[in-house]
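Participant: This is the structure I want to talk about, given as structure tokens.
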Amino acid sequence: MASAYDGIFAPGRRRLTVGIVAVITIAAFEGMAVATAMPAIAADLDGLRWYAWSFSIFAVTSLWAMVWAGESADQHGPRRPLILALTAFAAGLALAGVAPSMGVLVAARGLQGLGGGAAIVAIYVLVARCYAESLRPRVFSALAAAWVIPAIVGPAAAGYLADGPGWRWVFLGVLLVIPGCLALVLPTLRAQGGPLGEVSATRPGRKRRALVVALAATALQYAGSRLDLIGLIVAVPAVAALVVAAPPLLPAGVFRLSRGLPTAVALRGVMAGAFFGAEVYVPLMLVSERGLSSAQAGLALTVGALGWAGGSQLQARLPWPRARFVQVGCAVTAVSIAALAVSLSPDLPAATAIVAWAFGGLGMGLAMPSFSVIVLAESPVEAQGVNSSALQLSDALGSVLLVGATGVFFAFAAAEGDPAAWVFAVIFTAMAAVAAAGASVGGRAAPRHAAATSAVVD
């Protein structure tokens, strides 16, 4: 049997595959590295008060850029949004690398968010246009694998740079790689300069709605960090803004869980929220409740990333219907999150949580690429960009809402001191229930036509 990568690395596709994997790799490395280096950056630039905004601004601008890139790709082809995305990301890296103040660095992070949000949508459209349906599971497997090395070496490399040559190289070092990425994908982009079919009329105000959604999500993050009247005053209009502005940016039938694409988009947000709503507390739980060092606790995140890559490999090789990958992936993730709550017991070794999180990543690796395959298979050519942006928007909003919700609960429960074990148990149990709900309706993600029901292995 041929290698699972023979198709996507065939001579006619090799440059494109390497190029888009390289783009995801540098974006993943930058995300891991910036999170590690930001304490040193804030201290050096005397900008601790801007610390949270260095991450929030990235989320705000990327949410807007996802919607813009989706419309632009449908109207003009993926060439324009991807070139502008890499240009904006590179400009943000350069500006961050020379930033004289934290305010300038926050602005640079905003540029990086524009580039990151637009790039992922443009890449999805490229996948839809340049790879047959039978090859798309392998492409998404390769994109998932692109996170493995950054997850392993990114934090260590960033720590070395911050402590040695200087944190500015966290940005400037990545900047040096971008021209090579562009050179790899440019030949394909030249042939993808316009729409392949009749362009559907876009709904008016989508970009304005996307900006409202991004600002509302940021406001909710801010409100979740407070336990006072101000937080409540900020949260109420932010929720109202999301309720009004977000639905038109998503496919019809998302909230009814209509079969196929709408359910795939909805469950993408549900599973992202459940997984990351649990993951942010895994290292803290292992340190505070199980007595591990920070380095030992961080191993859980590494094995989670490896499990995700392994699950993504499996979904590219097994000839299962897509809905089965969704159901099994959601169920495995639910069980693994529930196992985190069980691992709080002092009668079990602390390694129980680390092993559990490897399976959590495995479940996500089975489910998340399957959502992408279903959405692309169910999207007509003229709507590939809009539907890809909706998928990414659901992912981001699910993470923001559920991570924010667990954050509010955690802050409230731990207001009087260090959190007790029951606080972690409640969070893990709640996120396991969310993932289990996803598994219960996963069958509704089944595509409406047979061509995308299984992964074909040559």
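The values are calculated or read from the model by the stated rules, or taken from the named source; none is laboratory data. These numbers come from a predicted model, not from an experiment. In this analysis, Cβ positions are derived from the backbone assuming ideal geometry, glycine residues included, and neighbour counts consider all displayed protein chains.
Participant: Which one is modelled with the lowest pLDDT among residues in segment 40-49 that are in a helix (DSSP H, G or I) and under 20 Å from Gly159 (Cα atoms)? Step through it out loud before you land on a result.
Facilitator: Step one: filter segment 40-49 for residues in a helix (DSSP H, G or I), giving 40-44, 48-49.
Imposing the further condition that a residue be under 20 Å from Gly159 (Cα atoms) reduces the set to 40-44, 48.
Details: Ala40: 82, Ile41: 85, Ala42: 83, Ala43: 83, Asp44: 88, Leu48: 73.
Residue satisfying both the conditions and the ranking: Leu48.
Participant: Quick one: what pairs do we get from segment 354-378, first residue within 12 Å of Thr333 (Cα to Cα), second charged (D, E, K, R), C-beta under 8 Å, 6+ apart or different chains?
Facilitator: From segment 354-378, the pairs are Trp357/Glu279; Gly360/Glu279; Met368/Arg268.
Participant: Here is a list of conditions, (1) within 18 Å of the chain's Cα centre (by Cα); (2) farther than 23 Å from Leu306 by Cβ, and Ser399 meets all of them except one; can you say which number that is?
Facilitator: (2)
Participant: Pick out the one residue from Ala339, Ala272 that is modelled with pLDDT of 95 or more, at negative phi and either under 19 Å from the mean Cα position of the chain (by Cα) or crowded, with 18+ Cβ neighbours inside 10 Å (or both).
Facilitator: Numbers: Ala272 fails: modelled with pLDDT of 95 or more.
Step by step, each of Ala339, Ala272 is checked, and only Ala339 is modelled with pLDDT of 95 or more, at negative phi and either under 19 Å from the mean Cα position of the chain (by Cα) or crowded, with 18+ Cβ neighbours inside 10 Å (or both).
Participant: Something else now. How many of the residues making up segment 232-259 are more than 19 Å from Val60 (Cα to Cα) and either surrounded by fewer than 22 Cβ atoms within 10 Å (Cβ to Cβ) or in contact with a Cys (Cβ under 9 Å, 6 or more places away or on another chain) (or both)? Talk me through it step by step, then tell me what you get.
Facilitator: Taking segment 232-259 as the starting set, the residues that turn out to be more than 19 Å from Val60 (Cα to Cα) are 232-233, 251-259.
Keeping just the survivors that are either surrounded by fewer than 22 Cβ atoms within 10 Å (Cβ to Cβ) or in contact with a Cys (Cβ under 9 Å, 6 or more places away or on another chain) (or both) gives 232-233, 252-259.
Residues in segment 232-259 being more than 19 Å from Val60 (Cα to Cα) and either surrounded by fewer than 22 Cβ atoms within 10 Å (Cβ to Cβ) or in contact with a Cys (Cβ under 9 Å, 6 or more places away or on another chain) (or both): 10 in total.
Participant: Between a first residue in segment 35-57 that is more than 18 Å from Val400 (Cα to Cα) and a second residue that is modelled with pLDDT under 75 and assigned to a loop (DSSP other than H, G, I, E, B), which pairs have beta carbons less than 6 Å apart while being 6 or more apart in sequence or on different chains?
Facilitator: Ala42/Tyr51
Participant: Would you call Ser345 over 27 Å from Met66 (Cβ atoms) and either assigned by TED's automatic domain parsing to the domain that holds Leu257 or not charged (D, E, K, R) (or both)? Step through it out loud before you land on a result.
Facilitator: Numbers: over 27 Å from Met66 (Cβ atoms): yes; either assigned by TED's automatic domain parsing to the domain that holds Leu257 or not charged (D, E, K, R) (or both): yes.
Answer is yes for this residue.
Participant: Then there is this: Name every residue in segment 342-388 that is modelled with pLDDT of 90 or more, crowded, with 22+ Cβ neighbours inside 10 Å, in a helix (DSSP H, G or I) and polar (S, T, N, Q), in order of residue number.
Facilitator: Across segment 342-388, the qualifying residues are Ser370, Ser372, Asn387, Ser388.
Participant: Still on this structure, I have one more. Does Ala96 count as touching a Phe, Trp or Tyr at 6+ places or on another chain (Cβ under 8 Å) and either modelled with pLDDT of 90 or more or crowded, with 24+ Cβ neighbours inside 10 Å (or both)? Break it down into steps so the answer makes sense when it comes.
Facilitator: Details: touching a Phe, Trp or Tyr at 6+ places or on another chain (Cβ under 8 Å): yes; either modelled with pLDDT of 90 or more or crowded, with 24+ Cβ neighbours inside 10 Å (or both): yes.
So Ala96 passes the test.
Participant: Ok, one more. Being in contact with a helix residue (DSSP H, G or I) (Cβ under 9 Å, 6 or more places away or on another chain), outside any helix (DSSP H, G or I) and farther than 28 Å from Val212 by Cβ narrows it down to one of Ala99, Ala37, Ala28, so name that one.
Facilitator: Details: Ala37 fails: outside any helix (DSSP H, G or I); Ala28 fails: outside any helix (DSSP H, G or I).
Just one listed residue meets the conditions, Ala99.
Participant: If we scan segment 171-178, do we find a residue that is at pLDDT below 90, of a type in the set (Phe, Trp, Tyr) and either closer than 17 Å to Gly97 by Cβ or out of contact with any Pro (no Cβ under 6 Å at 6 or more places or on another chain) (or both)?
Facilitator: no
Participant: Just a yes or no: is a residue in segment 50-63 buried (at least 22 other Cβ atoms within 10 Å of the Cβ), at pLDDT 90 or above and touching a Leu at 6+ places or on another chain (Cβ under 6 Å)?
Facilitator: No, segment 50-63 contains no residue that is buried (at least 22 other Cβ atoms within 10 Å of the Cβ), at pLDDT 90 or above and touching a Leu at 6+ places or on another chain (Cβ under 6 Å).
Participant: Quick check, is Val408 modelled with pLDDT of 95 or more, more than 20 Å from the chain's Cα centre (by Cα) and more than 28 Å from Val121 (Cα to Cα)?
Facilitator: On the way: modelled with pLDDT of 95 or more: no; more than 20 Å from the chain's Cα centre (by Cα): yes; more than 28 Å from Val121 (Cα to Cα): yes.
Spelling it out, it is not the case that Val408 is modelled with pLDDT of 95 or more, more than 20 Å from the chain's Cα centre (by Cα) and more than 28 Å from Val121 (Cα to Cα).
Participant: Something else now. In segment 162-176, what count of residues is obtained for those that are surrounded by fewer than 16 Cβ atoms within 10 Å (Cβ to Cβ) and within 22 Å of the chain's Cα centre (by Cα)?
Facilitator: Matching residues across segment 162-176 total 0.
Participant: Let me ask another. When you look at Val125, is it assigned by TED's automatic domain parsing to the domain that holds Arg15 and surrounded by fewer than 24 Cβ atoms within 10 Å (Cβ to Cβ), yes or no?
Facilitator: Working: assigned by TED's automatic domain parsing to the domain that holds Arg15: yes; surrounded by fewer than 24 Cβ atoms within 10 Å (Cβ to Cβ): no.
Spelling it out, it is not the case that Val125 is assigned by TED's automatic domain parsing to the domain that holds Arg15 and surrounded by fewer than 24 Cβ atoms within 10 Å (Cβ to Cβ).
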